[in-house]
Every structure is written in C-alpha cells, then in structure tokens.
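Coordinate-derived values only; no laboratory data. Just so it is clear, the structure is predicted and the values come from calculations on it, not from any experiment. Cβ atoms come from the backbone with ideal geometry, glycine included; neighbour counts cover every protein chain shown.
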Amino acid sequence: MRHLDLSLLRTFVAICDEANFAKAALKVHKSQPAISQQMGRLESELQVALFVKRGRQKQLTPAGIRLAEYARRLLALHDELWATLHDQELSGPVRIGAPADIADTVLPNILQRFARANPRLSMAIHVGRSPDLMDMLFAGELDLTISTRAVAGYPHLLLRSSPVVWIAASDYRLDTAGSLPLVLADEPSIFRRLALEALDRQGCDYKESYVAPNLAGIKAAVRAGLGITARSIEMVTPEFRVLGERQGLPALPDVNFYLYLRDDNPSEAASKLYQLLASQVGGRASSTQEPEPGA
C-alpha cells in the first residue's frame, strides 16, 4: 500500500497558495532548496510532473491542478479530525468580504458548516464591490475576501468560474425592433463592462434604462421589467429567465471569483476558514495577473 506524506502535501498547497516558492518557504518555515527537494520527492512518489517551467516561473501541470484540489480536501479533513479529537474549537471574530452574487448563494452553505463546528466563532459578512473589498483587505479591515479582481503579485485562489448570462424577468417580452433596454450597475463593474463590450462587438443598439448602485437595485429593476441585465448565473432564480442567442443577444464570457487571505498575521480562525473554502469549492492557485473591474 502506498502512503502520501502529509507534510509534502502541506508544502505543495503552500506553494499553490503563494504562487511562489520563496514565499511558500517562509510560510512553512523551511528554506527554498528544502521545499524544492520536497516537491521532487512528491513528484517521485506520485510518478507525475506537478510543475512546468514557463519562463522564470513554475506553473502547475494538469496533474498538479488535480492534486491541489484533493490535497486541500485531505488536509482540511485531517485538520478537522485533529481539532475534533483535541477539542481545538476556534473562537473570535472573522471578517469576510464578498460580492453579492457569491454572498447570496455559494457562501452561506460553506459558512454554516464552519460555524456549526466552531460555535464560539463570530463571523461578520461585508457585502460590497470587488475594488472596495480589496481596499478593505489591504487596510486590514477584512480577514478574508472573495473578489473578481486578480491582483498582480498577490497570491490568491481561483474559487470558481461562473457563466455570465443575460437575465430578464420571467414574464419579460423582449422587443427586438427597438433599442435594447439595459439594467446595469454603475462604474466600476465587470458585468457592466462585459455586457457593453459584447453588445458593441455585435453592433447591437442599446440604451441604459436603469443604472443601480448595487445588486438589490438591479434585481428590483429587472423584476419590474425595466430591461435586461448581464450577471453571473448565480443570480438566476424562478422569478428570472435566461436570454441568449435565440433572442439575438451575444454570448458572454465567464467571470472568475478569487479568494484572498490577508497576508499580515492572519488569525488561526481566518486561516482555517480559508482552507475550508478552498477545499469545499475545489479552489486552486491562479497565475492571473490582470486586475478586473469591480463586480
């Protein structure tokens, strides 16, 4: 029977999280040559290549990406078991930032499990736009945040890629003869940009019927039939329906949601929640360097 050394997996996950061997070495309190040797041992044990060199950087191979997903789940389960056996219940506040698309859908189920295992923990959820959330993280006002921005040089995990779709009220009838009425967020907004760029590329005639400062306003305007909007598929509920090419609308690209943990002495509770979020949704390290506008 073959066995995997959990210490090797922990170092591997640290490299994925930091997207940098030198930073990962500091995180696991080892030298850079030592973690390079560890990765050599891990590749030898698994008999697969986990990294490939791209210029001066190393990136994960497809096998490395798959291992990262399973390693996080395995380590999270190991740490959860250890905490249960040794009564290491976490306590204290954890401040979490998230765009409304995620805060309303994906986040509650994950946080429920974490809170149930740690009843002395208090979690404060701040819902906002990605640029504002990242500013709060950098200022130390948040412990964790989910954002559509991929900040250059700042390690992050890709939580999920969500399809962006055209959304209308369930009983909305699209008038193809006139200008397309749009319900959009004000600037800056990645969904606004994706919608307008797609329509401009296709040469569609449109007008901004309603501009809202938040997702609640967008939902209300779409529900009232003031126009259609472009958002992640998480927004679609029975009161809305998805429009597309059959109605002459252009296809839209996916949007990425990233997870960040503050890098200046995060609390144990915040670090554990970061690991749980990554393992629950199969997060993986991302090398994306271009920042996105706010959600």
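Observations on the model:
- Dipole moment magnitude, nearest 20 debye, region 6-76 about Cα centre, only Lys, Arg, Asp, Glu C-beta charged: 180
- Lys/Arg +1, Asp/Glu -1 at C-beta; the chain dipole; positive extreme among ALA98, ALA49, LEU74: ALA49
- The chain: antiparallel DSSP beta bridges as a percent of all, rounded to 5: 60
- Karplus-derived 3J(HN,Hα), 6.51/-1.76/1.60, for each residue of region 196-208, Hz, glycine and proline x: 5, 4, 5, 5, 5, 4, 8, x, 7, 8, 9, 9, 8
- Considering only ASN265, ASN118, ASN214, the mean-square fluctuation computed in a Gaussian network model of the chain, springs between alpha carbons under 10 angstrom, is largest for ASN265.
- Given +1 at the Cβ of Lys and Arg, -1 at the Cβ of Asp and Glu and no other charges, the dipole of region 164-247 around its Cα centre is 160 debye to the nearest 20.
- Adding -39500 (n - 2.57) for every DSSP H run of four residues or longer, then dividing by how many residues the chain holds, sets the calculated 222 nm ellipticity at -12500 deg cm²/dmol.
- Dipole size of the chain about its Cα centre, with +1 on Lys/Arg Cβ and -1 on Asp/Glu Cβ: approximately 740 debye, rounded to the nearest 20.
- Counting charges near MET136 (Lys, Arg +1; Asp, Glu -1) among other residues having Cβ under 12 Å from its Cβ returns a value of -1.
- Residue order, fewest to most surrounding Cβ atoms within 10 angstrom, among ASP135, ASP254, ASP205, ASP17: ASP205, ASP254, ASP135, ASP17
- For ALA168, neighbours were defined as the other residues whose beta-carbon sits under 13 Å from its Cβ, and their charges (Lys and Arg +1, Asp and Glu -1) total +3.
- For ILE190, ILE233, order by how many other beta-carbon atoms lie within 10 Å, fewest first: ILE233, ILE190
- Under-27-angstrom lysine pairs by C-alpha in the chain, whenever the two are 8 or more apart or on separate chains: 11
- For semi-axes √(5λ) of the Cα gyration tensor in Å, calculated from these coordinates, the label among (1) 28, 23, 18; (2) 39, 22, 17; (3) 28, 27, 18: (2)
- Computing FRET efficiency as 1/(1 + (r/R0)^6) for THR61 and ALA22, where r is the C-beta to C-beta distance and R0 is 22 Å, gives about 0.60.
- In terms of other Cβ atoms within 10 Å, CYS204, CYS16 run from fewest to most in the order CYS204, CYS16.
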